[in-house]
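Have a look at the structure below, then the notes.
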Amino acid sequence: MKNTPAATDWAAYIRQMETVLALELDDARRQELLVQFSRIAQMAQPLMDLPFDSRLEIAGVYRA
């Protein structure tokens, strides 16, 4: 059985990043970012759907 993640609210993400990065985007630019984030998520989905072997170890954390 596959776990289906909740849909990402890219519009909310863009609004939050505008605030965090102190950006002022117009509606056209916001809409284009929404299109691009949606495309990227759609392209990444097949990779995200690949199952991991339960014996697979996580990568170590290296600190300098």
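Descriptive notes on the structure:
- In Hz, Karplus ³J(HN,Hα) per residue of the stretch 32-47 (6.51, -1.76, 1.60; θ = phi - 60°; x = Gly, Pro): 5, 4, 4, 4, 5, 4, 5, 4, 4, 4, 5, 5, 7, 4, x, 5
- Carbon + sulfur, % of accessible area of the chain - ligands and nucleic acids excluded, 1.4 Å: 59 percent
- Diffusion coefficient, µm² s⁻¹, Stokes-Einstein with Kirkwood Rh over alpha-carbon pairs of the chain at 20 °C and 1.002 mPa s: 144 µm²/s
- Using a probe of 1.4 angstrom and keeping all protein chains present, the accessible surface of the chain works out to 100 square angstrom per residue.
- In a fully extended conformation the segment linking SER38 and GLN16 would gain 6.3 nm over its present Cα-Cα distance, using 0.36 nm per residue.
- Largest first, the residues GLU18, GLU32, GLU57 sort by 1.4 Å accessible area into GLU57, GLU32, GLU18.
- Rounded to the nearest 10 Å², the accessible area of ASP27 at probe 1.4 Å: 120 Å²
- Applying both filters, DSSP loop and at most 10 other Cβ atoms within 10 Å, to the chymotrypsin sites (Phe, Trp or Tyr not before Pro) of the chain gives PHE52, TYR62.
The values are calculated or read from the model by the stated rules, or taken from the named source; none is laboratory data. Quantities reported herein were computed from a predicted structural model and do not represent experimental measurements. Please note: Cβ atoms are built from the backbone with ideal geometry, for glycine as well, and neighbour counts cover all protein chains shown. Note: areas computed on protein heavy atoms with side chains; ligands, DNA, RNA excluded. Shrake-Rupley method; radii C 1.70, N 1.55, O 1.52, S 1.80 Å.
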